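A.B. asks: One structure, pasted below without further comment.
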Amino acid sequence: MTRAPYLSSRLQGFGTTVFAEMSALAVATGAVNLGQGFPDTPGPAEVLDVARAAIGTPYDQYPPGPGHPELRAAIAEHQQRFRGLSYDPADQVLVTAGATEALTAALIALLEPGDEVVLFQPMYDSYAAAVAMAGGVLRPVPLRPPATTGAVTTGEWTFDEAELRAAVTPRTRLLLLNTPHNPTGKVFAPDELAVLAEVATAADLLVLTDEVYEHLVFTGAEHRSLAALPGMAERTLVVSSGGKTFSTTGWKIGWVCGPAPLVAAVRTAKQYLTYVSGGPFQPAIAAGLRLPDAFFTGIAADLERRRDLLVTGLAGAGLPVVSPQAGYFATVDVRPVQPDGDGWAFCRSLPARAGVVAVPAVVFYDPADAHLGRHLVRFAFCKTDHVLEDAARRLEEMQ
């Protein structure tokens, strides 16, 4: 690997994100962008109107360091309402610049150089960089896709319990769990969560859970927070955000909840990153978190319908697809249309072949395990019906 000039050794190998590369390719070619996971419709008026009203008021200035009190209170209410978790908004809730900052600040705060982090791969790409910035060491455990015996499979991604246990060593400090999971769309089942809780307790690990897709869960699956299991609340930090739930990914309003000493540690790191952010958006997200249940079930049902639109199109294009249980993304095996199984090559040629952009799943794996995801590609379905129908038509006509 060629060394990037000036870049510290910790971040060698972390170049421009694949999302930037593929989005630029979409713009350059006029392709339908199903690579990056952002919605192309506005969020609910009940949320947007609060933000508009807050602009031009004192909300434009620095919020309090932990976040505006009304948002912290709304987050605590939300966790009690949906997860049965009790947090004191005064010292157990911290508002962050999106979930990514919450995760990064937590890792910087909690890891000593050389501490190990156990997590599942494929993994959201910021995790590896955040662990590296904290001086930690990744110990990834593979999630394996179900067999794609037909055009569409609804089987679940699974992990080997023995591999999970083997990944934990005396140097392991923290378990990082993403459920609902990006990029696979897996929702970890109760029996899997029980295994994770037992492993974390036995090894006395801290736990960091990324739950940003918590409300985008489809029929047949149910999201549960690992923090809600017996004995887990005192060792677990729960991260989420408003971006996915309210289609406001650019606002970057996230949060972390947990025991006061752990939250205080994260706040120490966070205050030297962004300090604060998104003043006028904080009361708006607070209003969103207090919307009735019908809103949350409605957004999941609507996204599930759009998932089915894209999955049908992918299958029609000859791409065996794993239909996800949650989230924004569906994963395909490209080997039927890319005989060498090179997902990167497939994605780079796809704009010319079909006028569509997707993301190779290999970027979500540790380089040592790249072979596990070489043949997999991720498509986003958090788009309008028109966009998805257009993409499906283009894929079915793929050269």
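The values are calculated or read from the model by the stated rules, or taken from the named source; none is laboratory data. This structure is a prediction, so every number in the text was calculated from the model and none was measured. Cβ sites come from the backbone with ideal geometry, for glycine too, and all protein chains shown count toward neighbours. To get the accessible areas, we keep the full protein, side chains included, count just its heavy atoms, and leave off ligands, DNA and RNA. Shrake-Rupley method; radii C 1.70, N 1.55, O 1.52, S 1.80 Å.
A.B. asks: Hey, rough spin-label estimate for GLU46 and ARG348, points 7 angstrom out along Cα→Cβ, what's it come to in nanometres?
C.D. replies: A separation of 4.8 nm, rounded to one decimal place.
A.B. asks: How much net charge surrounds THR169 when only other residues with a Cβ under 11 Å from its Cβ are counted (Lys, Arg +1; Asp, Glu -1)?
C.D. replies: With Lys, Arg at +1 and Asp, Glu at -1, the neighbours total +2.
A.B. asks: Over the chain, with a Gaussian network built from C-alpha contacts below 10 Å, which listed residue (ALA128, ALA368, ALA203) shows the highest mean-square fluctuation?
C.D. replies: The residue that fluctuates most here is ALA368.
A.B. asks: How many percent of DSSP beta bridges within the range 111-187 run antiparallel, rounded to 5?
C.D. replies: 10
A.B. asks: Could you order peptides 327-334, 55-62, 187-194 by the average number of other Cβ atoms within 10 Å of their residues, highest first?
C.D. replies: 327-334, 187-194, 55-62
A.B. asks: Per residue, how much accessible area does the range 177-223 have with a 1.4 Å probe, in Å²?
C.D. replies: Roughly 27 Å² per residue, with all protein chains present.
A.B. asks: Would you calculate the separation in nanometres between label points at ARG171 and GLN61, each defined as 7 Å from the Cα along the Cα-to-beta-carbon direction?
C.D. replies: Here the modelled spin labels are 4.9 nm apart.
A.B. asks: Another question, if that's okay. Go ahead and run the numbers for FRET between GLU396 and GLN271, Cβ-Cβ distance against an R0 of 51 Å, rounding to 0.05.
C.D. replies: 0.50
A.B. asks: For the range 7-18, just list the computed ³J(HN,Hα) in residue order, Karplus coefficients 6.51, -1.76 and 1.60, θ = phi - 60°, integers in Hz, with x standing in for Gly and Pro.
C.D. replies: Couplings: 6, 4, 4, 4, 10, 4, x, 9, x, 4, 5, 4 Hz.
A.B. asks: So, one more: About the Cα centre of the range 35-109, how large is the charge dipole given +1 on each Lys and Arg Cβ and -1 on each Asp and Glu Cβ? Please answer in debye to the nearest 20.
C.D. replies: With Lys and Arg at +1 and Asp and Glu at -1, about 140 debye.
A.B. asks: Can you give the charge dipole size of the range 200-293 about its Cα centre, rounded to the nearest 20 debye, using +1 on the beta carbon of Lys and Arg and -1 on the beta carbon of Asp and Glu?
C.D. replies: In total the dipole reaches around 320 debye.
A.B. asks: Rolling a 1.4 angstrom probe over the protein heavy atoms, how many square angstrom per residue are accessible across the range 241-339?
C.D. replies: 34
A.B. asks: Additional query: May I ask you to list the trypsin sites (Lys or Arg not before Pro) in the range 1-103 that are in a DSSP loop and have at most 14 other Cβ atoms within 10 Å of their Cβ?
C.D. replies: ARG3
A.B. asks: Let me ask something else about it. According to a simple spin-label model (label point 7 Å from Cα along Cα-to-Cβ), what is the distance in nm between ALA228 and ASP91?
C.D. replies: About 2.7 nm separates the two model spin labels.
A.B. asks: How much length is gained if the chain between ALA260 and ASP308 is pulled fully straight, taking 0.36 nm per residue apart and subtracting their Cα-Cα distance, in nm to one decimal?
C.D. replies: 13.1 nm
A.B. asks: Let me ask something else. Using a 1.4 Å probe on the protein heavy atoms, what percent of the accessible area of the chain belongs to carbon and sulfur?
C.D. replies: 56
A.B. asks: Moving on to the next point. Which entry in (1) 0.92; (2) 0.96; (3) 1.17 matches Cα Rg over 2.2 N^0.38 Å derived from the coordinates of this structure?
C.D. replies: Among (1) 0.92; (2) 0.96; (3) 1.17, the one derived from this structure is (2).
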